[in-house]
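Each value in this text was obtained by applying a stated rule to the coordinates, not by laboratory testing. This is a predicted model, so every value here is computed, not measured. Because the Cβ atoms are built from the backbone with ideal geometry, glycine has one as well, and the counts that use them run over all protein chains shown.
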Amino acid sequence: MILDGEVVIVSGVGQGLGAKLAARAATEGAKVVLAARSSEVIDQVAKEITAAGGEAVAVPCDVRKTEDAERVAATAVERFGTVTGLVNSAYSHPGFTDLLDTPDKQLRRSMDVILFGSLEMSRAAVPHMTGGGSIVNVGTMSTRRPLRGEGGYAVAKAAMGTATQYMALELGEKGIRVNQAILGWLDGPGVRFYLTMTAEEKGITEQEVYDDIASRNPLNRIPPDEACAGAILYLLSSLASEVTGATIDVNGGEYMPA
């Protein structure tokens, strides 16, 4: 188990990647603290982890609020004694419009959740990583390959990507590694909704929509969200002990950096 003995906070846990990531982290031996604004999903995932023999606790949290972030970290220490890992995956999309047409209020909200939320969670967790640790920020392939309608979301994620490098530089002396996993299409609840919606709009089958997306990468499939979680678990683990300030692209080969 590559995370045996680790205590990992996962922010922004939803029904897709977040839930799968938390469950897999527990399977790999981590004690998991699940954080999200809505308690419905995190309570259910925590129950499932516990029922399977793992250890988990759910803490409602708005990552934009300092007091909420600090409560998550404090709960981790109270329940499990420390914090060794943090995954910043809180999500906020300003809407699928051109960047200049997206209202500032929506853009600022995405920036507040994605950039400032990850900073709030990191500020709360870092003081407890007294023996070192690992922070993983979850990015998006739309910062690599611009896609119309993704501008506002990509701008916030790009800011978080730059923050990743600076945090890696600044926290290295504390033994804390900071990396980014950039994800592309994820075969989970969100994409399944997209397949249904697009199929209805175009008058074709969901399989045809799936095949079109899958054909864009060498593996010829939409990467499952549970499988993509593995890259994040690697970055959290001691297997990546010498990896910091790095970006891992997890997209089935759809985007290959030079």
| P(r) histogram, all alpha-carbon pairs of the stretch 1-160 included - 10 Å bins from 0, percent | 12, 40, 32, 14, 3
| Rg and Dmax of the stretch 45-90, Cα atoms only, in Å | 11.4, 32
| field | Residues with amide H under 5 Å from that of Thr140, placed H, sequence gap 5 or more | value | Leu183
| So who's got an amide H within less than 5 Å of the one on Asp249, skipping anything under 5 residues away but keeping other chains? H placed 1.01 Å off N, in plane. | Ile182
| Each residue of the stretch 45-61 in turn: what ³J(HN,Hα) in whole Hz from Karplus with 6.51, -1.76, 1.60 and θ = phi - 60°, glycine and Pro shown as x? | 5, 4, 5, 5, 5, 5, 4, 8, x, x, 10, 7, 9, 9, 9, x, 7
| query | Among Val63, Val77, Val32, which comes first, then next, by fewest other beta-carbon atoms within 10 Å? | reply | Val77, Val63, Val32
| query | Once phi is turned into ³J(HN,Hα) by the Karplus curve 6.51 cos²θ - 1.76 cosθ + 1.60 with θ = phi - 60°, what whole-Hz value does each residue of the stretch 111-122 show in order, with x for glycine and proline? | reply | 5, 4, 6, 6, 7, 5, x, 5, 5, 4, 5, 5
| message | Tell me the angle of helix 66-80 to the major Cα principal axis of the chain, expressed in degrees between 0 and 90 and rounded to the nearest ten. | response | 60 degrees
| note | Of 161-167, 195-201, ordering from highest average Cβ density within 10 Å down gives 161-167, 195-201
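Using Cβ counts within 10 Å as a stand-in for footprinting exposure, how do Ser118, Ser238 rank, fewest first? Don't skip to the end; give the middle numbers.
Values: Ser118 28, Ser238 13.
The fewest-first ordering by Cβ neighbours comes to Ser238, Ser118.
Please state the relative contact order of the stretch 1-123 as a whole percent: Cα pairs under 8 Å, 6+ residues apart? The partial results should precede the final answer.
Numbers: 220 pairs, mean separation 32.6, N = 123.
Computed value for the stretch 1-123: 27 percent relative contact order.
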| Degrees separating the helix 189-202 axis from the principal Cα axis of the chain, which is the longest one | 10 degrees
